[in-house]
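Readers should treat all values here as calculations from the given coordinates under stated rules, not as data from a laboratory. Bear in mind that the values here come from a model prediction, so they are computed numbers and not experimental data. Here Cβ is always computed from backbone atoms with ideal geometry, including for glycine, and neighbour counts include all displayed protein chains.
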Amino acid sequence: MSMQTVITTAVGLLILASPLDAQETISRGENISADIARDGRVAIDLAGDIWIVPPGGGKAAAITRNLRSVRRPRWSPDATEIAFQASTEASQGLWIYSFANDESRKISRDASLDLSPAWHPNGERLVYASGSTGTGLDLWEVDLPTGLHWRLSNHSGDETDPAWSPDGNDLVYVHHEGAEWSLILRQRGLPEETFLTTADRIAAPSWRPDGGLITFIRRGAAGSSIDIVILSQPRVVRPYMSGEDFVLAPVSWIDRQHMLYTADGTIRQRLFDSWTSSPLPFRATIEPASAAAPATAERRRLAGIDEPDGRLVVHASRMLDGLGGGYQRDRDIVIDGGRITAVEPHGDRPGSIVIDMGDLTVLPGFIDALANLSAASGLANPINDAIGSLLLTTGVTTLIAQHPDAERLNALWSGKQLPGPRLLNAADWPVGPVSGMADSMTPGLEALLQARQAALIGVAEPVARRYAEPPRIEAGVSSIVLGSKPNGLPPGIALHAEFLALVAAGLRPEQALQAGGVNAAAALRLDPLLGRIAVGAAADLVFVDGDPLSNIGDARKIVAVVRNGRFFSVSGLIDRAKTAEVSNKFTK
């Protein structure tokens, strides 16, 4: 199939798909989950939407349209609605699709991480896992007629994958803390009971309709299996079936004998006392999400704004040109006005101004293809022009963001007096899917938030948790575009959080830098003007005291920048910002 999933997580929270360029019919789906209604219809999550497969299999029909992020559909008890989780720009939320009006409505209250919806048998309540407290995932429930939400659990670690018993009296869920996973039963009026605790990953418990046993998925070093808990006295926990790559989604039951699950890209059906399963065939015709821009789309241009006169030469003992292949040694970067006019072996430059920063690493200026300006203290206020210089201390030389004063700020920040990043209005510079992967669980985030740049720019809100588990990037994927708006942090800090998240998800540091370099430039149709150190590119450079190809955290150890052909030390940028802020106070 030509549609390629770019980023996935273990629970499918982030899905970025390249748009189809032609209609395509498929009969398999990676990591799909399925749920069967009492009338035999099957709901699956395929290509980011919900599809309905008729009883017994056949041609599937999409009921949601181009959401590209739907996961884990669950039928209501009366089969008139389907609850599901879907990613928005801010986080993973819960929605309900109604067949009566062919519409979806959001159930989640805010931008917190909500996932794994499960219906109460009365059809009026949903239980789910939520990261709304910021300290872990807890179990919550919502009364659908009134919209009231209340918390059911408050343990350390994460409580996920809840499921009500068929009579609505008992609740089973998964608890995860550290390296341990537990399957826990909460019975009305009784203390909680732990069925098992293991180092293996366990997920997706599901009750058989007679309430006599619970199935769950177990995944360890030996592979995955469906295990069962027989609710006898004493309890019996044992393997049920193995030998397939089971998706971490609940088994679905029609009755106490007929079960449905997904594995190896297919829907499987099985009688409980049978030794074998059979496929439930389906076919789905995927339409293009939108008309893709032609590969020969015309490149856009950047107008020269307040470019300086004269020539500047930067000697780079260690240079990363942004195109790949590691460092280049002892190069001279020749800058005339605001453009790079030569990249040559180091040599004598009589009559030229030469900046030699010793053994610092020189990188292309960083590009944030979608930033959240309102997250920085005062940045939404047009009179706080000085924030641009503080943003420049993070190495971000180009920002794409929505701002009513973007044109004026772009002109101001392109000059000498109060420099800042190039600011392009998001309405005029749209890009496709961006990374947006960082959250409170990102490794190295705590150190980043304690850095000097974070203190200068200000991080007003706590970092939200947006994923149940750390995102992973599929092997071979390298065309990701860095955009930080979804993570909620202020510009600059948000970009470095994305660098950390991209590397934690499986990219090499050089690939992460390219996400905020040549990949972002290509998405903006500004290649080869930005994101590289090459002839004709804008003279935006970052000087780093470290080795970011070995440790991506070194990318924030910035000593100086060149922006629009002018050299600025970080200390000088901070002084400019402070002076401008003091001046503002006296002129108000």
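For the pair S242 and E287, a Förster radius of 41 Å applied to the C-beta separation gives a FRET efficiency near 0.65, rounded to the nearest 0.05.
A full extension of the chain between S569 and A179 corresponds to an added length of 135.9 nm, given 0.36 nm per residue minus the alpha carbon distance. Seen from G168, the other residues with C-beta closer than 14 Å to its C-beta sum to a net charge of -2, counting Lys and Arg as +1 and Asp and Glu as -1.
Between the helical axis of 570-587 and the longest alpha-carbon principal axis of the chain there is an angle of about 90 degrees. A protection proxy built from the mean count of other Cβ atoms within 10 Å ranks the segments 478-491, 272-285, most packed first, as 478-491, 272-285. How high is the relative contact order of the range 7-286? Use alpha-carbon pairs under 8 Å, at least six apart in sequence, and give a whole percent. So the answer I get is 15 percent.
Which of rounded, prolate or oblate describes the range 311-587 when judged by the alpha-carbon gyration tensor and an a/c cut-off of 1.5? The shape class here is oblate. Compared with the alpha-carbon gap, the fully stretched path from S352 to A460 is longer by 34.4 nm at 0.36 nm per residue. Each other residue within a Cβ distance under 9 Å of D35 adds +1 if Lys or Arg and -1 if Asp or Glu, for a net charge of +2.
Once you have a ≥ b ≥ c as the square roots of the Cα gyration tensor eigenvalues for the range 7-286, tell me rounded if a/c is under 1.5, and otherwise prolate or oblate according to whether a/b is larger than b/c.
Judged from the Cα gyration tensor, the range 7-286 comes out rounded (a/c under 1.5).
Under a 5 Å amide H cut-off, with hydrogens placed 1.01 Å from N, E474 pairs with T8 among residues at least 5 apart or on other chains.
In the chain, the longest principal axis of the Cα atoms and the axis of helix 493-504 are about 60 degrees apart.
Pairs of Lys residues in the range 437-588 are counted when their Cα atoms are under 27 angstrom apart and they lie 8 or more places apart or on different chains; the count is 4. Here the gap between T579 and S27, fully extended at 0.36 nm per residue and compared with their Cα-Cα distance, gives a gain of 192.4 nm. Of the listed values [x] 26.9, 91; [y] 23.2, 68; [z] 24.9, 78, identify the label whose number matches Rg and Dmax of the Cα atoms in Å calculated from this model. Comparing each candidate, only [x] matches the computed number.
Working note: Karplus 6.51/-1.76/1.60 with θ = phi - 60° gives the range 361-370 the couplings 8, 9, 10, x, x, 7, 10, 10, 6, 7 Hz, where Gly and Pro are set to x.
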